[in-house]
Amino acid sequence: MPDSFPAAPGAGGVPRELLEDVEDLKAQVRALTSQLQVRQAPPTQESTAPGADQDEQDGPAGEEEGWQYPPFLFLLDGPQYNDELRALIEWVESVLVPAYLAEPSADARWCHLWFEHPVALARLHALWLAWQELTDPATCGYTGPSTWHRDHYDPCMRELRASTGPFQGCTKGEHRIEHRLPGPVPSAWSQEE
C-alpha cells in the first residue's frame, strides 16, 4: 500500500495541489504586473523639472521612487533600527502572539523576551517582512496568506519553538540567552613570540 495518496481532485478533476500552484503563479504575475506598472508610470513634475539631474532619473536613485525592498533589521542603525524594531515588536505582540502562539510548552517554546535573542529577532523580522508583502491582495492576490503560512510562518516557528531553538534555556520563570560565539580563529599572519 503506498505511503501517500494523490491529492483529491478539485474542479474538473485537476489535482488540488496543481490548482494551488496555478493560484500561486497567478499571484506572482499580479505582483510583477503591479511592480511593472509602478516602474512605467509617467515621471512626476519633480523629476522633469528644469535642472533635474539626468543621472538621478535613470540611475539607482530614480528606481528608489518606485518599489523599495525593506532593509534587513541588522543592516540598520540609529533611529532607523529603533523605528524598525519598535514596529516589529508591535506586530509580534499585537498580531503574532495573540493569534498564533498558544501556551508555551517543552515542545513549543516561546520567550516573552524574544527580542533579546538575536536569532529570534532575525527570524521574526524576516517573517514580518514576508507578512507585509504577502497579506496585500493588490500585490499578491488572495493566495498570499496561504503562501505566507506554508513558506514562512511554519518553517520559522519550527526553528524558533523547537527544543533546540533559541528559546531552549527559557521557561515561564526563567530567561536565559544561550550565546554561541565563535572561538578565536588562528591567523597565519600573526606570529607568536
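Rule-based calculations on the coordinates, nothing more; no lab input. Since we're looking at a predicted model, the values are computed, not measured. Note that each Cβ is placed from the backbone with ideal geometry, even for glycine, and that neighbours are counted across all protein chains shown.
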Report summary line: Distance in Å, no decimals, from the C-alpha centre of the range 134-154 to the one of the range 72-116 is 19
Report task. Calculate the spin-label point distance for Leu85 paired with Ser163, positioning each point 7 Å from the Cα along the beta-carbon direction, and give it in nanometres. Result -> 3.3
Query - Fully extended contour minus Cα-Cα distance, from Val119 to Asp151, at 0.36 nm per residue - result: 9.7 nm
Report task. Could you pull out which residues in the range 148-169 have an amide N less than 18 Å from a spot 7 Å beyond the Cα of His112, following the Cα-Cβ vector? Result -> 167-169
